[in-house]
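Written out below as structure tokens is the structure these notes cover.
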Amino acid sequence: MTDKPILPGSWLGLLGGGQLGRMFAQAAATMGYRVCVLEPDPNAPAAVVAEKHICAPYTDEKALEELASLCPAVTTEFENVPAQALEFLASKGVRTSPCANAVRVTQDRFDEKSFIRSALCPVAPHLLILSDHDCEEVTPDYFPAILKTARLGYDGKGQITVNDKRELLSAFEKLGRVRCVLEKRLPLFKEVSVIAARNRKGEVSVYPVCENYHRNGILAVSIMPARVDEESAKNARAIAERIINKLDYVGVLCTELFVLANGQLVANELAPRPHNSGHATIDACVCSQYEQQVRAMADLPLGSSEQISKSVMLNLLGDLWFDENEEIREPHWESVLDIPGLKLHLYGKKQPRHGRKMGHITCIASSEEEAMFKAQMAARLLG
Ligand code: ADP
Ligand code: MG
């Protein structure tokens, strides 16, 4: 397809108003674009920085029409945006990236795994579970396993570890007997992610691999580049590239992978948007994942994904805003901001809550050890 580029000064639309959208809106504004956000929450992180905010549900046709009349291109910032909303926008001639089909595939864990397999990439052994009968049929070699709801799971929610058939039946009941995937529990050596971008011309840009650590199911620390051998890094990036091409995807896509104890790589899930593990691309790469999202949706050449500083990113959860008496306080910003090479990003969320992503810190340095040292110092000062 040879769409003319959408040049700076034009409007770009965004479905969703979270922090990923906020950083997208900031990158777009830096490049001279005007951003219009469709988002039901009046105080959403992206809504308050965008030039225009249509405050309505994502499925509101009048709101979508208004967005379509203003914006020649629309993107999204969370995976559960209704695919129909993207379809509706596309029917009005809007260039949507990602397209409804890509979003639909990534919204269902079973379809997602089937798709990844069709791109000849390895996935964990898994089964579709739709009924108690399906649970009964599972052979003992599948356990221990994780039962995951096929839809709407995130940050480890909607998942239960099961060790046998009895536990599986009760977990299935607990998850409301909704469509589920049963996945064999694998021996993980590391969890990594690869962010890639693709434009309509089919140009692809792949970032260095990130190494990720979660706490209570939520990403806590992300190290770029990942501390894995060169071969694994190369293979992980090749898998991400194969997937983004096979999906005929336009925009930014994150592929989460497991590195197993035996060195094998397994693709776990896809996120059709910039990813939490890629926040460090803002401060550590030539072109951030958010600028890349702007370039991809506007049919411009992609930027360089080259990493110019080593980085360690720390998520800042709402927990840091509570003292030992559960009273709300402001973290000690002055002391952490004294660390050289530390960049503070806050999302403007007024109400801290335990587990709520309030911001992140990126520590950059010329060596991996130094970046890690700074991050550890920051964590201590904040903790
Ligand atoms: P979410 O959408 O909640 O991120 P994931 O599928 O990524 O769901 O699972 C959350 C976490 O659970 C992963 O980051 C990983 O630590 C662990 N996990 C998921 N699947 C497996 C598996 N098959 N084997 C071992 N650990 C797993
Ligand atoms: Mg995940």
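The values are calculated or read from the model by the stated rules, or taken from the named source; none is laboratory data. The structure displayed is predicted, hence computed values, not measured ones. Positions of Cβ are generated from backbone atoms using ideal geometry, with glycine treated the same way; all protein chains shown enter the neighbour counts. In case anyone asks, the SASA skips ligands and DNA or RNA and just uses the protein heavy atoms, side chains included. Shrake-Rupley method; radii C 1.70, N 1.55, O 1.52, S 1.80 Å.
Couple of notes before you dig in:
- For the stretch 47-126, a crude dipole built from +1 on the beta carbon of Lys and Arg and -1 on the beta carbon of Asp and Glu, taken about the Cα centre, is about 260 debye to the nearest 20.
- Only Cα pairs under 8 Å and 6+ residues apart enter the sum, and on that basis the relative contact order of the chain stands at 14 percent.
- Fraction of accessible area attributable to carbon and sulfur, the chain (%, probe 1.4 Å): 51 percent
- Partner aspartates and glutamates for Lys357 [C-alpha distance under 14 Å; skip if fewer than 8 residues away on the same chain]: Asp155, Asp319
- Karplus-derived 3J(HN,Hα) values for the stretch 204-220, using 6.51 cos²θ - 1.76 cosθ + 1.60 with θ = phi - 60°, are 10, 10, 10, 7, x, 6, 9, 10, 10, 10, 10, 10, 6, x, 10, 4, 10 Hz; glycine and proline are entered as x.
- GluC sites (Glu not before Pro) restricted to DSSP loop in the stretch 274-383 with at most 12 other C-beta within 10 Å: Glu306, Glu324, Glu326, Glu327
- Hz values of 3J(HN,Hα) by residue in the stretch 315-321 - Karplus curve (6.51, -1.76, 1.60), Gly and Pro given as x: 6, 9, 8, x, 3, 5, 8
- Förster-model FRET efficiency, 35 Å R0, Glu369 and Arg166, C-beta, rounded to 0.05: 0.15
- In the stretch 51-82, GluC sites (Glu not before Pro) in a DSSP loop with at most 15 other beta-carbon atoms within 10 Å: Glu51
- Those aspartates and glutamates that a straight Cα-Cα span of less than 20 Å connects to Lys165, excepting residues fewer than 8 apart in one chain: Asp132, Asp134, Glu136, Glu137, Asp141, Glu173, Glu183
- Summed residue charge, Cβ within 11 Å of Lys349's Cβ, Lys/Arg positive, Asp/Glu negative: +4
- Filter on Lys52/Lys201; Lys52/Lys234; Lys148/Lys234 - keep pairs with C-alpha separation over 31 Å: Lys52/Lys234
- Near-label residues of the stretch 298-325 by backbone N, under 20 Å of a point 7 Å along Cα→Cβ of Thr30: 298-316
- For the stretch 159-230, the solvent-accessible area with a 1.4 angstrom probe is 47 square angstrom per residue.
- Around Leu169: net Lys/Arg minus Asp/Glu count, Cβ-Cβ under 12 Å: -3
- Scanning residues 5 or more positions from Val162 or on other chains, those with amide H under 5 Å from its amide H are Ala145, Ile146, Leu147, with H placed 1.01 Å from N in the peptide plane.
- Solvent-accessible surface of the stretch 1-127, averaged per residue with a 1.4 angstrom probe and all protein chains in place: 40 square angstrom.
- Charge dipole (Cα centre; +1 on Lys/Arg Cβ, -1 on Asp/Glu Cβ; no other charges) of the chain amounts to roughly 540 debye.
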